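Notes for the one structure printed next.
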Amino acid sequence: MIEEILEHITTDVNVNFEEVAATFGAILCVFVLLDRKNNLRSFRVMCIVTVASDFLDIIVTYVSFTINPAFPYAHFWVVLLNTLNYCGFGCIAFALFKYLRSYMRPTQGLHQANILMNTVFAIYLVCHGLNVLHPYIIDFDFKQQHFIRTPYSFVIGYGFPLLIVTMALIQMVLHNKEFTRKQQTTLTVSYIIVLCGVLFQAVIDAKVLIAHGTGVVAVFVAYF
């Protein structure tokens, strides 16, 4: 039964990469939680948020392609889940900023950057909240069995998280003396991995799920 369901889903969307990433991500979370003395709480939060978002992406895909349209409020639930799924990108980006901030000395500039980041993230959440009421970012067509993404999905769904990550890395550059060369290198590589994953996802639409999986890969790089 499970194999038939997965086969049905993968005819429309390939989730293999994210399934593998989620498995290894779960193992990483266990190691990080057991090794608390050698990592910051903010890093553990970032790991959990990243892996959870990957699992959510898989679950949302499963529900979207298997839920019965006759189920009460089926469209609402699918839109809600897909909206939460898109929010995962922003949550990962915000968690990254909080992780980097934990290394930085408190300054007036950092305080202002924190206010700006909180404001951008709040606007991001409000935009997604509105999508639940009126799907203008992400929707799902039950008849055609495919996701509906508008131009706003690129601007808000992908653009805002990349903006937050970029702002976070700018802060890292401005506070470069508080980071080792190894940290700067691994975080930059992680950023490039996620950027490539998001851009690739935007180009291929939802035929192959990869963006959340690259987030898990990026966390692996940052951890090691």
Residue that is surrounded by the fewest Cβ atoms within 10 Å (Cβ to Cβ), among those in region 77-92 that are over 15 Å from the mean Cα position of the chain (by Cα) and touching a residue at least 24 places away in the same chain (Cβ under 8 Å): Leu80
Which listed residue is buried (at least 20 other Cβ atoms within 10 Å of the Cβ), without any contact (Cβ under 8 Å) to a residue 60 or more places away in the chain and not β-branched (Val, Ile, Thr), from Tyr191, Tyr152, Tyr136: Tyr191
Going through Ser42, Ser53 one at a time, which residue ends up being crowded, with 20+ Cβ neighbours inside 10 Å and modelled with pLDDT of 85 or more? Ser53
Taking Ile170 as meeting all but one of (1) open to solvent by 60 Å² or more (accessible area, probe 1.4 Å); (2) β-branched (Val, Ile, Thr); (3) farther than 29 Å from Val79 by Cβ; (4) in contact (Cβ under 8 Å) with a residue 12 or more places away in the chain, write down the number of the exception. (4)
Criterion first (open to solvent by less than 20 Å² (accessible area, probe 1.4 Å), part of a helix (DSSP H, G or I), in contact (Cβ under 8 Å) with a residue 12 or more places away in the chain and in contact with a Lys or Arg (Cβ under 8 Å, 6 or more places away or on another chain)) does Leu100 satisfy it? no
When Val63 is evaluated against the numbered criteria (1) open to solvent by less than 40 Å² (accessible area, probe 1.4 Å); (2) closer than 23 Å to Phe154 by Cβ; (3) of a type in the set (Val, Ile, Thr), which criterion, by number, is the only one it fails? (2)
Do you know which residues across region 157-166 are free of Cβ contacts under 8 Å to residues at least 40 places away in the same chain and open to solvent by less than 40 Å² (accessible area, probe 1.4 Å)? Gly159
Residue by residue through region 49-75, note down the ones that are of a type outside the set (Gly, Ala, Ser), within 16 Å of Ile148 (Cβ to Cβ) and in contact (Cβ under 8 Å) with a residue 24 or more places away in the chain. Val60, Thr61, Phe65, Pro69, His75
Those residues of region 115-126 which are buried (at least 20 other Cβ atoms within 10 Å of the Cβ) and more than 16 Å from the chain's Cα centre (by Cα), in sequence order: Met117
Pairs please, first residue from region 28-39 and under 13 Å from Ala222 (Cβ atoms), second anywhere and β-branched (Val, Ile, Thr) and open to solvent by less than 100 Å² (accessible area, probe 1.4 Å), Cβ atoms under 6 Å, 6+ apart in sequence or on different chains. Asn39/Val32
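The values are calculated or read from the model by the stated rules, or taken from the named source; none is laboratory data. What you see is a predicted model, and the numbers here were worked out from it, not measured in a lab. Every residue, glycine among them, receives a Cβ derived from its backbone with ideal geometry; neighbour counts consider all protein chains shown. These accessible areas exclude ligands, DNA and RNA; they are computed on the full protein's heavy atoms, side chains included. Shrake-Rupley method; radii C 1.70, N 1.55, O 1.52, S 1.80 Å.
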